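Below: one structure, written as structure tokens.
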Amino acid sequence: MKRIIKLCTIGLLLGVLFSCSVFKPAQQEPLAQTKEVAQQIGNTLVTEDGDVSAVSIAIMHEGTIVYSEGFGKRDLIQNLPVDSHTRFNIGSISKIFTGASILFLQEDGLLSLDDKIVDLLPSFTMADERHKDITVRMLLNHTSGMPGTNMRNAFTEVPSSEYLQQSMEAYAASSLKHDPGAFAPYCNDGFSLAQVLVEHLSGLPFAQFLQERIFSPLGMNDSSVGFRPHEENMAYGYLERAIQLPIEYANISGSGGLTSTAEDLCRYAALAFEPTLFRQETITEYLAMQPPTYLQQSKYASLLTYGLGWDFVSWEPYHSQGVQVLGKTGGTLEYSTMIFVLPQSHSVVVLLSAGHLDPIGTTLPIVDALLQETGQIPVQAETDKTPAKETQPLPLDIEAYSGYYYGGKGLLRLSFQPHASLLRFETYDGSTFVETDTARYIGDGIFENQKGTWNTFETLHTVPCLMEIRRPYTIAGISMTKLDPGVSVEHAFDESSYIPINFPTQDLYFPVFTISLIDELPSHLIIDNAIYAITAKRETSMTLPSLRDQTPPQLDEEGHLLVGSYICQNTKDIPALGKAETITVAGNEKAVLRRISEQGIFTCSVPEGGRVIVLGPDLADLEDTLYSANDELKMDCFGSYVVFMADKPMVFEPSIR
């Protein structure tokens, strides 16, 4: 449900990204001030606005867990508190376990990080010959070029054993978004493929491999792949801290499917402190940056320093002060998580939550407090001392960078005003381009807007890129890449919305896709927060090498929209629900769609094993019986769309009265 997966921005007075806590005089209790910061954050999260219902925070220092506390309720219905054994889905923190699993295989002599996947896993294929150049390392540092995430069956109400096979089939029909190794857009697919590789080479199920090689040796007794059957001590997710959500099974195991506790994750991180499970050279590799090749052409260091599963293996301002800080975020439909690891002081900070929050921004003040209280960094945070710069004339060759760009901020048109030395940002609002910002040129290739944000342009692997610079450090990340306007192609794509008809009944994530066509860019279309080049009557291709999660839409001969492994029906083609019509569903992944075209009250009984989703005229979700557990629907929903599905052949008898 869209309302379930929407990440909530929580306005907490917890400090900014590079926060600096104000400290009281030193107390006798070790790390008393750090613990106080952690307690303030935990208490605030479960009482302020938002959907966070349960939080667990643990801190390890010098190899010992010195703090562990739970906040909120793991079960609001039973009024059960969070304790040190309460388990959470840890989301993408799972990736650092997959990275470690690959390193175990390397130590076992079964692979090398720079081996090609096709040489190790003959069943792996893609509709792009470049896939033969993907190496093991590229799966773990997000540089493979694979599309991003296969969401179908990724998160379900009951465990599904079909996800990996379905993903391999999806990969076989997919292309790459860039040459292997070139760029590093976040990529879950790489870790799913790495899981397949672990199982293939070890001969063990992924869960058993982790249990034998990591969980048991490290005493991680509260960790597993997915929640255990009949789990008694888990944190449930809630909608607005009121409606208990279904138990979330993340079948995307190698990328985001592990469950654990804050204390167990501290124990896990300790494997990077001493050569116990790993040899020292393996630890060194595990903690090292794994860069994409585009950085060889950039004058800036990378904003994100991906490791083998890590989001970053260094973090400013700590890196410039001689302190290595690694981190990994996690986010699922129901959980948000964060782990920071400080190898030099053998320290770890973990925050797990049921509900949505900003993992880095929320947890960073605890890391800040720990580093300050232990004397590893100064109490006063470094400030940007860059003096104000005068406006300079635009470079003569800058006009080559004007044009259309796409990235996390959507579709923009960038142009230059030489007489004012300005860069002009115009954002596409769905119908036209509207000016949203300007930035003056201050020299050295840098543009500065009124908020002080710095941007620059670089051409990396022949791709013009808009870069955002993190001040005061010489680091930058790719913000947007330039589109090739291309040649307009006659096509059959319709500016409409589409609903999946092969949707798994127990899937917790129900997508709706809307195609937008752009008058100024007739050779492109926008769908699902990405833009694609229209290459044939019914085909598109990826054109953004640095954007995550891309799935080029296609049309089949019957007019169905194919988005990855989803088969979708145009809402314009959905028939109206007939009077006294019975709906027969053939079985799982064979949904039947109807439109409510009559005024009146829609009623429908939902048999056991069935599911009904009602989408409003604007496709907003009005009802989903998987979440509401309603077995009798009675609602006024004129103009809405109804999705009937079942896990076995089933008949529904809806009516409108």
*Subset of the stretch 389-421 (residues that are assigned to a strand (DSSP E or B), open to solvent by 30 Å² or more (accessible area, probe 1.4 Å) and under 14 Å from Ala530 (Cα atoms))*: Tyr404
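Suppose we filter the stretch 452-462 for residues that are closer than 16 Å to His178 by Cβ and open to solvent by 30 Å² or more (accessible area, probe 1.4 Å); how many remain?
The first filter runs over the stretch 452-462 and keeps only residues closer than 16 Å to His178 by Cβ, leaving 458-462.
Retained after the next criterion (residues that are open to solvent by 30 Å² or more (accessible area, probe 1.4 Å)): 459, 461-462.
Number satisfying all stated conditions: 3.
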_Please verify whether Val198 is of a type in the set (Val, Ile, Thr), closer than 24 Å to Gly331 by Cβ and surrounded by fewer than 21 Cβ atoms within 10 Å (Cβ to Cβ), treating the condition exactly as stated._
no
*Flag for Asp618 being surrounded by 14 or more Cβ atoms within 10 Å (Cβ to Cβ) and under 24 Å from Thr514 (Cα atoms)*: no
*Being loosely packed, with under 13 Cβ neighbours inside 10 Å and in contact with an Asp or Glu (Cβ under 7 Å, 6 or more places away or on another chain) is the filter here, so list the residues in the stretch 573-596 that pass it.*
Thr582
*From Thr337, Thr383, which residue is more than 26 Å from Arg74 (Cα to Cα), of a type in the set (Val, Ile, Thr) and either at pLDDT 95 or above or in a loop (DSSP other than H, G, I, E, B) (or both)?*
Thr383
*Quick one: is Arg424 surrounded by 15 or more Cβ atoms within 10 Å (Cβ to Cβ), at negative phi and touching a residue at least 40 places away in the same chain (Cβ under 8 Å)?*
no
*Which of the residues spanning the stretch 465-481 are under 25 Å from the mean Cα position of the chain (by Cα) and open to solvent by less than 50 Å² (accessible area, probe 1.4 Å)?*
Cys465, Leu466, Met467, Ile469, Ile475, Ala476, Gly477, Ile478, Ser479, Met480, Thr481
*Test result for Lys299, among the basic types (Lys, Arg) and open to solvent by less than 30 Å² (accessible area, probe 1.4 Å)*: no
*Meets criteria (charged (D, E, K, R) and crowded, with 22+ Cβ neighbours inside 10 Å) for Arg87*: yes
*Within the stretch 202-240, how many residues are charged (D, E, K, R), more than 22 Å from the chain's Cα centre (by Cα) and surrounded by fewer than 16 Cβ atoms within 10 Å (Cβ to Cβ)?*
4
*Filter result for Thr432 (of a type in the set (Val, Ile, Thr) and within 27 Å of the chain's Cα centre (by Cα))*: no
*In the list Ile442, Ile446, which residue meets the criterion of being aliphatic (A, V, I, L, M) and touching an Asp or Glu at 6+ places or on another chain (Cβ under 6 Å)?*
Ile442
*asked:* Just to be sure I understand the filter: pairs with C-beta atoms under 6 Å, separated by 6 or more residues or on different chains, first member in the stretch 484-502 and part of a loop (DSSP other than H, G, I, E, B), second member acidic (Asp, Glu). Which pairs pass?
replied: Asn502/Glu589
*Collect the residues in the stretch 302-329 that are of a type in the set (A, V, I, L, M), under 23 Å from Gln376 (Cβ atoms) and open to solvent by less than 20 Å² (accessible area, probe 1.4 Å), keeping them in residue-number order.*
Val313, Val323, Val325, Leu326
_Against the conditions (1) open to solvent by 10 Å² or more (accessible area, probe 1.4 Å); (2) farther than 27 Å from Ile515 by Cβ; (3) in a strand (DSSP E or B), where does Gln599 fall short? Just the number, please._
(3)
*In the set Thr456, Thr438, Thr427, which member is assigned to a strand (DSSP E or B), within 15 Å of Leu483 (Cα to Cα) and among the β-branched types (Val, Ile, Thr)?*
Thr427
*In the stretch 482-515, which residues are more than 25 Å from Leu333 (Cβ to Cβ), of a type in the set (Ser, Thr, Tyr) and open to solvent by 30 Å² or more (accessible area, probe 1.4 Å)?*
Ser488
*Here are some residues: Tyr335, Tyr286, Tyr294. Which one is open to solvent by less than 30 Å² (accessible area, probe 1.4 Å), over 19 Å from Ile102 (Cβ atoms) and more than 19 Å from the chain's Cα centre (by Cα)?*
Tyr294
_If Thr98 satisfies all but one of (1) part of a loop (DSSP other than H, G, I, E, B); (2) within 26 Å of the chain's Cα centre (by Cα), what's the number of the condition it fails?_
(1)
*Going by the structure shown, is Ser94 under 13 Å from Gly355 (Cα atoms), small (Gly, Ala, Ser) and open to solvent by less than 10 Å² (accessible area, probe 1.4 Å)?*
no
*Matching residues in the stretch 107-120 - criterion: being part of a helix (DSSP H, G or I) and either surrounded by 19 or more Cβ atoms within 10 Å (Cβ to Cβ) or of a type in the set (A, V, I, L, M, F, W, C) (or both)*: Ile117, Val118, Leu120
*Residue that is most open to solvent (accessible area, probe 1.4 Å) [pool: residues in the stretch 43-75 that are within 23 Å of the chain's Cα centre (by Cα) and of a type in the set (Gly, Ala, Ser)]*: Gly50
*Filtered residues of the stretch 245-270 (kept if open to solvent by less than 10 Å² (accessible area, probe 1.4 Å), in a helix (DSSP H, G or I) and not polar (S, T, N, Q))*: Gly254, Gly256, Ala262, Asp264, Leu265, Cys266, Tyr268, Ala269
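The values are calculated or read from the model by the stated rules, or taken from the named source; none is laboratory data. Only a predicted model underlies this, so the values are computations on that prediction, with no experimental measurement involved. Glycine also receives a Cβ, built like all others from the backbone with ideal geometry; neighbour counts cover every protein chain displayed. The protein model used for the area step is the full one, side chains on, heavy atoms only, and it has no ligands, DNA or RNA in it. Shrake-Rupley method; radii C 1.70, N 1.55, O 1.52, S 1.80 Å.
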